[in-house]
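This report concerns only the one structure given below.
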Amino acid sequence: MSGTTNTAVGVVREGFGFDEQQLSQWMRQHVDGFDGTLTVRQFKGGQSNPTYQLETPGGVYVLRRKPPGNLLKGAHAVDREFRVMAALGIAGFPVPRVHGLCLDRDVIGTEFYVMDRIEGRVFWDPRFPELAPTERRRYVDAMNETIARLHVTDFSAIGLADYGRTGNYFARQIARWSKQYLDDELAGRDPHMDQLIRWLPENIPSGDETSIVHGDFRCDNMIFHPSEPRVLAVLDWELSTLGHPLADFTYHTMVFRLPPTIMSGLSAENLASWDLPSEAECIEAYCRRTGRKGIENYEFYVAFNMFRLAAILHGIKGRLLRGNASSANARQMAENVGPLARVAWGQAEIVMGRGGL
């Protein structure tokens with residue numbers, strides 16, 4: 001079987017442990033079928049909310065929690081992750097079954113929730129090198145089908161009408177990530193980020209629409225069927241909200257514009273040699289599935305997403321410096337703030353007709 005079976009787990013890293021006996025007591029009260037001993041291991045991925053594998057005689061679960069330590073206001077909203085997955089699961093969208101949400105910090109020190117562990121494959125590289133060339137397009141298309149399905153889901157009908165604000169999505173997001181960047185003084189400043197903070201609000205395209213947006217839709221945030229090009233579960237909903245679907249989609253396709261050092265970007269790849277679809281083909285498939293004739297202002301949406309990702313990496317840098325970064329590779333991610341900000345400004349120059357990237 002090609003691909004990584006779920007993802008790597010290891011011992012709980014220093015500073016991220018908790019009282020496992022108290023967790024066992026909570027699970028007996030809130031997780032159907034739980035009984036017996038509990039073995040806790042930590043997933044190596046996850047830049048924001050620490051994630052753990054809970055092994056029991058009757059089954060295996062996954063726990064997501066807020067990280068310990070001082071946190072920025074509004075970040076690490078595990079309660080929102082729980083809520084959106086519960087609603088989408090009832091609607092038949094591919095997410096893990098969630099069992100319970102705990103807002104009592106006395107149990108393990110922070111809020112958390114528990115969900116099923118899904119058996120399948122996780123791919124960390126958007127080139128899908130583990131697969132035969134004839135299979136790769138089908139897996140990329142499975143992601144395309146899944147994000148299109150998310151964006152056409154009636155969020156009001158599944159109880160998520162108040163899951164976020166509607167209207168002015170780009171203005172609100174630019175303001176949010178600008179404020180988070182500016183508030184985190186410990187992580188420092190970047191001149192290209194400062195330029196983007198001034199440029200983006202003045203160049204937001206007209207028009208708006210609303211759907212559920214995932215916020216971090218990429219291949220390593222989903223679990224594929226063990227042997228088929230089918231998405232079994234979309235993970236990591238921390239950044240989800242109600243927002244503009246084209247912002248979500250262009251975050252997903254942004255990988256075509258990124259260098260290999262950032263999120264394994266494909267900008268330097270010969271896609272045909274990998275038998276991968278082009279950016280244009282992915283756009284066409286998404287438009288066909290969502291009933292669109294095309295995507296106006298696509299270049300701006302990409303610039304916005306590069307800025308947003310740079311702001312997220314800036315936050316990881318701040319958590320690293322404060323000592324509560326949840327991922328083992330946080331340092332590598334933090335080092336990409338400057339390079340990504342430069343690429344983002346280059347994308348803004350494309351919008352301005354100056355060449356850029």
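Given the criteria surrounded by 18 or more Cβ atoms within 10 Å (Cβ to Cβ), at pLDDT below 95 and on the phi < 0 side of the Ramachandran plot, does residue 29 qualify? Against the criterion (surrounded by 18 or more Cβ atoms within 10 Å (Cβ to Cβ), at pLDDT below 95 and on the phi < 0 side of the Ramachandran plot), residue 29 does not qualify.
Applying the criterion of being at pLDDT below 95 and in contact with a Pro (Cβ under 8 Å, 6 or more places away or on another chain) to the residues of region 81-115, the residue that is surrounded by the most Cβ atoms within 10 Å (Cβ to Cβ) is 110. Tallying residues that are crowded, with 19+ Cβ neighbours inside 10 Å and not in a loop (DSSP other than H, G, I, E, B) within region 160-179 yields 6. Exactly one residue out of 220, 208, 248 is modelled with pLDDT under 95, in contact with a Phe, Trp or Tyr (Cβ under 8 Å, 6 or more places away or on another chain) and closer than 18 Å to residue 167 by Cα, and it is 208.
Do we have residue 148 as in contact with a Phe, Trp or Tyr (Cβ under 8 Å, 6 or more places away or on another chain) and assigned by TED's automatic domain parsing to the domain that holds residue 216 here? Judged against the criteria, residue 148 is a match. Applying the condition of being in a helix (DSSP H, G or I) and closer than 16 Å to residue 237 by Cβ to region 144-159 and asking which residue is nearest to the chain's Cα centre (by Cα) yields 147. Evaluation of residue 258 against the conditions (1) surrounded by fewer than 19 Cβ atoms within 10 Å (Cβ to Cβ); (2) under 18 Å from residue 303 (Cα atoms) shows that the sole unmet condition is (1). Mind checking whether some residue in region 274-293 is assigned by TED's automatic domain parsing to the domain that holds residue 244, of a type in the set (Ser, Thr, Tyr) and out of contact with any helix residue (DSSP H, G or I) (no Cβ under 7 Å at 6 or more places or on another chain)? No, region 274-293 contains no residue that is assigned by TED's automatic domain parsing to the domain that holds residue 244, of a type in the set (Ser, Thr, Tyr) and out of contact with any helix residue (DSSP H, G or I) (no Cβ under 7 Å at 6 or more places or on another chain). Output yes when any residue across region 320-332 is surrounded by 22 or more Cβ atoms within 10 Å (Cβ to Cβ) and either at pLDDT 95 or above or assigned to a helix (DSSP H, G or I) (or both), and no when none is. No, because not a single residue in region 320-332 is surrounded by 22 or more Cβ atoms within 10 Å (Cβ to Cβ) and either at pLDDT 95 or above or assigned to a helix (DSSP H, G or I) (or both).
In the set (1) free of Cβ contacts under 8 Å to residues at least 40 places away in the same chain; (2) crowded, with 22+ Cβ neighbours inside 10 Å; (3) assigned by TED's automatic domain parsing to the domain that holds residue 311, residue 126 fails one condition alone, (1). Scanning region 263-273 for residues that are crowded, with 17+ Cβ neighbours inside 10 Å and not in a loop (DSSP other than H, G, I, E, B) yields a count of 0. Within region 218-241, being crowded, with 20+ Cβ neighbours inside 10 Å and part of a strand (DSSP E or B) holds for 222, 223, 224, 231, 233, 234, 241.
Taking only region 279-317 into account, find how many residues are part of a loop (DSSP other than H, G, I, E, B) and among the charged types (D, E, K, R). Even if it seems obvious, please write down each step before you answer.
Our first condition is that a residue be part of a loop (DSSP other than H, G, I, E, B); within region 279-317, this holds for 291-297.
Now restrict to residues that are among the charged types (D, E, K, R): 292-293, 296.
Of the residues in that region, 3 qualify.
The values are calculated or read from the model by the stated rules, or taken from the named source; none is laboratory data. Computed from a prediction, not measured in an experiment: that's the story for all the values here. Reconstructed Cβ throughout: ideal geometry from the backbone, glycine too, with neighbour counts over all protein chains shown.
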